[in-house]
Amino acid sequence: MEYFRPQSASSAVRIVDPSTQNDRHSKNGPKDSVQRQCRNVMIYGSCKFQDKGCTFYHPPAPDTSQAEEALSASVNVNAPVFVPKSSADTSSPTLASLTPSTPPPDAGYTYSENGTAEVADQMQATHIYDDNYAAQFDQGYYAAQSVYTRAPLDICVLKLDYHLYSGPLPSSFSPASTDIHFMPSSASIRETLQTRSELIRSVNPSATQLPEELQGYHSLSPLENVTVTAERRKFGNWYSTVYKAISSTDGGAYALRRIENYRMTQQSAFAPIEAWSKIRHPNIVSVCEAFTTRAFNDNSLVVAYTYHPNAQTLFDVHLKPKNSHTSHHHQHQHWYAPGRGTGRGPSRNAQSNTLPERTIWSYVVQIASAIRKAHEAGQAVRTIEPSKILVTGRNRLRIGSCGLVDVLMHEMNQDMAVLQQEDFIRFGGLILVLCCSNVAASAPMNLQKSFDLVERSYGADLKNLVVFLLGKASVQKLRQLFDLLSSRIATEMDDALDAVDRLEGELMSELENARLVRLMAKFGFINERPEFARDARWSETGDRYIIKLFRDYVFHQVDEYGSPVVSLSHVLTTLNKARLLGPLLDAGTDEKIMLVARDEQSCLVVSYKEIKACMESAFSELAGSQQTKAKELYRGGG
């Protein structure tokens, strides 16, 4: 282990014979050369002129075996003993008592003032001083010292390799090439995001006979097929259509659900919309606003929701018959699916298409969390059915059309506690429908067959959960539900955190994209400005000349045949080495390059660090000049 030890003077102690101490102090004359030790012995360990007439003292080579025996005897026999005046103490020995004793000096020994190195060598050879002795006290000493003085912190700043992609995630994480519960692979993530971005900006060319503007929304585009009457679906007793529209207020895309031929008689019917607009939850499609309009040549009710591009419903994803002849027009843009399908109860064919139990438990936890949020806000969901629940991502659910039933049924005064208990019944029926892959599985005449199928295909916990949800009402049912889901919630959280790690890894790979744009923007600001064309301090001289040559080095290289070199990897690597992230975060690399003038008559060898400094200086001067002129104009106008 390395540690810091401060430099000090020589630790050798001058040893003087007490009987001759006064005599030595009384002698003031120069010492004889015979008694002075030869400097060659002190420096090199030997003197090649010792037998050729050297007049200085040359000590004989010590015998290590005899020295060790003499030292041992002297320590054991002649060691000085300290006798205190007081009585003996029986306490533990102190540090001084554990220190090795020093033997008395030899009477015939003569000390030389220039022989400190020899004394230190003798002490090291006889192991009187242990190099590791102070190491055990260094940590405690400096730890105590840090209380009074703050030691300087030495930070080793390594070069930031921004021209390389970010390193892979730790091995404990899932590989980026595989799908996880909430996230697809890295390649699929990019494709999914690009598809969503395209759908937000896309406009349906077949959107005819639609109003150009609707209460602050424009560019309306239907998200479902509205030309075929058989495919039109109802919301209760009213026909309903969903459009994508762009808000004139913030420019964002929203989903507008229109209820046709609905006449509102009371303004208080919008109270549930106001309550739902305050609820924000990751498993609920957020409600924005509601209004009535005659822009469609009828009395229509329109409710605006958050738009989730490329979303499908549970019915489309898991329950829609494969041999359906329904048109797939803009199926990837469906925000809500057609109405609930029909069936005759569970069958063996449905058993082959059963969902994985892990997926069903994930759906259960997410829907239960949304129900809990709505009930805590004093509302009832009332839309827990396959055609109203969206799949917005990989195993991600969001309950849609919230608050709309409350507006349509405003005149019917119903107890909110009863409506909340109905949410649990609908929840249990939805689980049966997903387990049996049939929308008729929750019908009363098919319950027993559905339970048998669930028991054969899944564990007993899932069946017990459905029985609990379909059981008698209780004011503690929500709390009891989460008691049953406690272990599943922990699994869901683990998968969610794993998805966060995947997203952070993808974000790291895109972290430095905007920096290259900023760097090239600074190139454009600095190089060949027309207003400084005749200014010798700016154009083609000094730092700006280096920047111009560097620009040619990056973008204007040619091969041996004089053809332009179009290498994107060269551009990216070079620009990343000359990165401009600020003096504290990055200082450029020390790698040097040779910049050749356009006439090939001169060249400069500079480092990327120097190029970075030139660009910072030139850009700062440009920005400072703009601010100075603005201040002068402001003062002149005042």
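Every read-out reported here was derived from the displayed coordinates using simple, explicitly stated rules and does not represent laboratory data. What you see is a predicted model, and the numbers here were worked out from it, not measured in a lab. Note that each Cβ is placed from the backbone with ideal geometry, even for glycine, and that neighbours are counted across all protein chains shown.
What does the highest-first list of 373-383, 559-569, 181-191 look like by mean Cβ count within 10 Å?
The peptides rank, most packed first, as 373-383, 181-191, 559-569.
Looking only at region 483-499, which residues have a backbone nitrogen under 11 Å from a spot 7 Å from the Cα of Asn464 in the C-beta direction?
It comes to 484-485, nothing else.
If we count every other residue with Cβ under 13 angstrom of Ala253's Cβ, Lys/Arg +1 and Asp/Glu -1, where does the sum land?
Within the 13 Å Cβ shell, the charges total +1.
Below 8 Å, C-alpha to C-alpha, sequence gap of six or more: please give me the relative contact order for region 186-506 in percent.
Relative contact order here is 16 percent.
For Ala269, what is the net charge nearby, where nearby means another residue's Cβ is under 10 Å from its Cβ and Lys, Arg count +1, Asp, Glu -1?
-2
Report the calculated FRET efficiency for Gln557 and Ile200 (r = Cβ-Cβ distance, R0 = 35 Å), to the nearest 0.05.
For R0 = 35 Å, the calculated efficiency reads 0.30.
Under the Kirkwood approximation applied to all pairs of distinct alpha-carbon atoms, what is the hydrodynamic radius of region 186-506 in Å?
20.8 Å
So how far apart, in nm, are the two label points at Phe296 and Arg394 if each is 7 Å from Cα heading toward Cβ?
So the label points at Phe296 and Arg394 sit 3.7 nm apart.
Over region 255-301, calculate the relative contact order: mean separation of alpha carbon pairs under 8 Å at least 6 apart, over the residue count, as a percent.
Values: 42 pairs, mean separation 23.1, N = 47.
Reported as a whole number, the value is 49 percent.
Could you tell me the center-to-center distance, by alpha carbons, between region 276-319 and region 502-523 in angstrom?
So the two Cα centres are separated by 35 Å.
Check which residues have an amide H placed less than 5 Å from Tyr239's amide H, if you skip close sequence neighbours.
Under 5 Å from the amide H of Tyr239: Glu260.
Which whole-Hz ³J(HN,Hα) couplings does region 453-467 yield from phi under the Karplus relation 6.51 cos²θ - 1.76 cosθ + 1.60, θ = phi - 60°, glycine and proline marked x?
Per residue, the Karplus-derived 3J(HN,Hα) values read 5, 5, 5, 6, 8, 10, x, 5, 4, 5, 5, 4, 5, 5, 4 Hz.
Can you sort Val454, Val558 from fewest to most other Cβ atoms within 10 Å of each residue's own Cβ?
Ordered by Cβ neighbours within 10 Å, fewest first: Val558, Val454.
Between Asn40 and Ser607, what is the FRET efficiency for a Förster distance of 35 Å, r being their Cβ-Cβ separation, to the nearest 0.05?
Result of the calculation: an efficiency of 0.15.
For region 307-315, in order, what is each residue's ³J(HN,Hα) by Karplus, 6.51 cos²θ - 1.76 cosθ + 1.60 with θ = phi - 60°, in whole Hz (x at glycine and Pro)?
Once rounded to whole Hz, the list reads 8, 10, x, 6, 8, 10, 8, 4, 5.
In 10 Å bins starting at 0, how do the alpha-carbon pair distances of region 452-494 split up by percent?
Calculated P(r), rounded to whole percents: 25, 47, 27, 1.
Mind giving me the FRET efficiency for Asn413 and Lys322? R0 is 51 Å, r the Cβ-Cβ distance, nearest 0.05 is fine.
0.70
Restricting to Cα atoms and excluding each atom paired with itself, what does the Kirkwood estimate give for region 425-527 in Å? List each step's numbers first, then the result.
On the way: mean 1/r = 0.0562 Å⁻¹.
About 17.8 Å, per the Kirkwood formula over Cα pairs.
Which whole-Hz couplings ³J(HN,Hα) result when phi for each residue of region 593-608 is put into the Karplus expression 6.51 cos²θ - 1.76 cosθ + 1.60, θ = phi - 60°, listed in order with x for Gly and Pro?
Once rounded to whole Hz, the list reads 10, 9, 9, 9, 5, 5, 8, 6, 9, 8, 8, 10, 10, 10, 9, 5.
Can you sort Lys244, Lys234, Lys322 so the residue with the fewest Cβ neighbours within 10 Å comes first?
The fewest-first ordering by Cβ neighbours comes to Lys322, Lys234, Lys244.
At 0.36 nm per residue, minus the direct Cα-Cα distance, what do Ser248 and Glu376 gain on full extension? Give it in nm, one decimal, please.
Value of the extension gain: 42.7 nm.
Based only on other Cβ atoms within 10 Å, what is the fewest-to-most ordering of Tyr239, Tyr307?
Ascending Cβ contact count within 10 Å gives the list Tyr239, Tyr307.
Structure shown: which of Lys522/Lys548; Lys548/Lys612; Lys522/Lys592 lie over 23 Å apart, alpha-carbon to alpha-carbon? Don't skip to the end; give the middle numbers.
Working: Lys522/Lys548 12 Å; Lys548/Lys612 13 Å; Lys522/Lys592 21 Å.
Among Lys522/Lys548; Lys548/Lys612; Lys522/Lys592, the Cα-Cα distance tops 23 Å for no pair.
Which residues among region 488-521 fall inside the zone where the amide N is under 18 Å from a point 7 Å beyond the Cα of Leu572, along Cα→Cβ?
505-521
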